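Worksheet: the structure to be examined is printed underneath.
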Amino acid sequence: MIHRRVPGAGTIEERITGIIDRLVVRPERIDIIDYKTNRFGGDQKVRSNLVNHYRPQLATYAEVMAQLYPDRTIHTWLLFTEPGLSGDQRLEEVTVS
C-alpha cells in the first residue's frame, strides 16, 4: 500500500507505505489482519505490550482504508503465529480510534 497523507496548514506532505498481511473487504466492513511472529509464551503482559506497540501501525492502515472505503466500518486485528497458542490466544482485535 502506498498512500499520500495530505498536509494540513504548516505541515509537509507525507508518503505512507506498508504491507497489510490480510485485507478482508466485505460490503459493510473492512478487516485488517496483521500477522506477528513475536514469541511471548502466552504471557498476557507481554502480549498487551505488543498490542500497544503495533497499534500505531494498525491505525495508519485503518486511516488509509477509511479513505478508500468511507462507507464501511474498519476492524483491525493482530494474528500471533507463535506455535502452541490456542485459537483465542492467536487473534486479538485492536482498537485504534
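The values are calculated or read from the model by the stated rules, or taken from the named source; none is laboratory data. Note that the coordinates shown come from a computational prediction; the quantities given were computed from them, not determined experimentally. As a convention, Cβ positions derive from the backbone with ideal geometry for all residues, glycine included, and neighbour counts pool all protein chains shown.
Quick check on Val96: is it assigned to a loop (DSSP other than H, G, I, E, B), among the aliphatic types (A, V, I, L, M) and modelled with pLDDT of 90 or more?
Considered against the rule, which asks whether it is assigned to a loop (DSSP other than H, G, I, E, B), among the aliphatic types (A, V, I, L, M) and modelled with pLDDT of 90 or more, Val96 comes out as yes.
What's the number of the only condition in (1) at pLDDT below 95; (2) farther than 14 Å from Ile30 by Cβ; (3) in a helix (DSSP H, G or I); (4) not aromatic (Phe, Trp, Tyr) that Gln67 fails to meet?
(2)
Could you list, in sequence order, the residues of segment 21-51 that are farther than 17 Å from Ser86 by Cα, in contact with a strand residue (DSSP E or B) (Cβ under 9 Å, 6 or more places away or on another chain) and not in a loop (DSSP other than H, G, I, E, B)?
Answer for segment 21-51, where residues must be farther than 17 Å from Ser86 by Cα, in contact with a strand residue (DSSP E or B) (Cβ under 9 Å, 6 or more places away or on another chain) and not in a loop (DSSP other than H, G, I, E, B): Arg22, Leu23, Val24, Val25, Arg29, Ile30, Asp31, Ile32, Ile33, Asp34, Leu50, Val51.
Going through Ile16, Ile30 one at a time, which residue ends up being of a type in the set (A, V, I, L, M), surrounded by 12 or more Cβ atoms within 10 Å (Cβ to Cβ) and at pLDDT below 95?
Ile16
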